[in-house]
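Here is the structure we will look at.
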Amino acid sequence: MKKNKKIIFIVVAVLCQAFGPLSIAKTFVHNKTVENRWIAEIHFETIDNLIYVPVSVNGSAYCRFILDGGSSVCVVDSSIVNSLHLTGSGDGIIHGAGTGAVKVSYCDSITYKLKDIKTLVPRSDIINLSNAVPGQKLDGLLGYDFFLKYVIEINYKNKVIRLYQPESYHYKGKGSVVPISFFKKIPHFKAKVKVYGRALVEKDYAIDTGSSDVINENLLNVSTGPKKEVVGGVGVGQKFTIVQGKIETFQIGKYILHNLDGVSGADKIGAGLLSRYTVVFDYSRSHMILE
C-alpha cells in the first residue's frame, strides 16, 4: 500500500514539473464540471431571417421546422399528421399573427429529434401551416417547450445553433444580458423606444424568432415620420393592413439602434433585429444575451 502511494506521488510530481500545478488543477476541474460544453451543434438554413432546422418527429424522416420562440407551443402541420402516424384529439381555436381564428387539435407525447438530441414534449398543437410562410414548405414549429429545455445559442452569421444543458452553462462573455419575463409562455423584455414626433418611452416587447420583422411597434400609428399602409398578417391567420415606418431610436440592453424599419402591430421584436447578433436564450435564468 505504501509503495502504491509513493508511485502516485512521483507521477503527480513529474506532471507538475512538466505542466505546472495550475494546469493540472484546471484539467481535473474541467473534466469534472464540463462547463459550457454544448451537447449539439446544428447548422440551419435562413430565409428572410427565419431559422429552418431538420427535425425528426417520433423517429420519422427529417421534417422542415422553424425555430419559433414566439410560439407558446410546438406545432405539427396538419397535412403530415397521417404520414407521421400521429393521432389528434380535441378541437379548439387559436389566434396567430394574422386576424381571425385558426382551428387546432392536439397530440400528446411527441418526441422531436435534432441531431442526436431527443426532446419529449407533453402536448403539441396540430395546425394547418400551409399559408404560414408564403412560398415555403413548413412542417412544424419548435416553440416554448423546446426553448425551456435547453440554453440555446443562435449564431445567425455562421448559421449555427448550439444547445447546452442549463445546469452546466455559465456565460462569461461581454454581451448584453437582458432580463426576460413570460406571458402565456411568450418571452418579453423591457426596451426604450422613440418614434418621430414622440418622446422616448419604456415599453414591454415580446421576442419572436418566428417573425421576419425587425420591430412591431404600435406607436408608428402616431409617428410624424414617413409611413405608409401595407399588407401584414403573414403567419397563422389572415392578412390585414398595417402601417410601415421608421423607429427613430430603440434601446435593447446596452445597444442603442437608430432609424430601424418597423411596422405597427402587437409590440415585439423579430428575427430582423435579432439576426444582427449572436443570441443566447436561457429560460432557466430568465434572460436573453445579445453579443
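Overview of values
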item	result
ILE24 modelled with pLDDT under 95, in contact with a Leu (Cβ under 7 Å, 6 or more places away or on another chain) and farther than 30 Å from VAL133 by Cβ	yes
Test: residue in segment 158-173 that is closer than 24 Å to LEU50 by Cβ and modelled with pLDDT under 95	no
Qualifying position, being touching a residue at least 60 places away in the same chain (Cβ under 8 Å), outside the structural domain of ILE117 (by TED's automatic domain parsing) and not polar (S, T, N, Q), among LYS203, LYS192	LYS203
Qualifying positions in segment 116-148 - aliphatic (A, V, I, L, M), in a strand (DSSP E or B), touching a residue at least 60 places away in the same chain (Cβ under 8 Å) and buried (at least 20 other Cβ atoms within 10 Å of the Cβ)	ILE127, LEU141, LEU142
Test: GLY265 is touching a residue at least 40 places away in the same chain (Cβ under 8 Å), at positive phi and in contact with a strand residue (DSSP E or B) (Cβ under 8 Å, 6 or more places away or on another chain)	yes
Residues of segment 149-184 that turn out to be small (Gly, Ala, Ser) and in a loop (DSSP other than H, G, I, E, B), as a count	2
Strands (runs of 3 or more DSSP E) within segment 185-291 that include 1 or more residues at pLDDT 95 or above and within 28 Å of TYR171 (Cα to Cα)	186-195, 201-208, 240-252, 255-263, 268-270, 278-282, 287-290
Subset of segment 244-291 that is aromatic (Phe, Trp, Tyr) and under 16 Å from LYS203 (Cα atoms) - its residue that is surrounded by the fewest Cβ atoms within 10 Å (Cβ to Cβ)	TYR255
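The values are calculated or read from the model by the stated rules, or taken from the named source; none is laboratory data. Remember, it's a predicted structure, so these values are computed and weren't measured experimentally. Don't worry about glycine lacking a Cβ; one is built from the backbone with ideal geometry, like all the others, and counts go over all protein chains shown.
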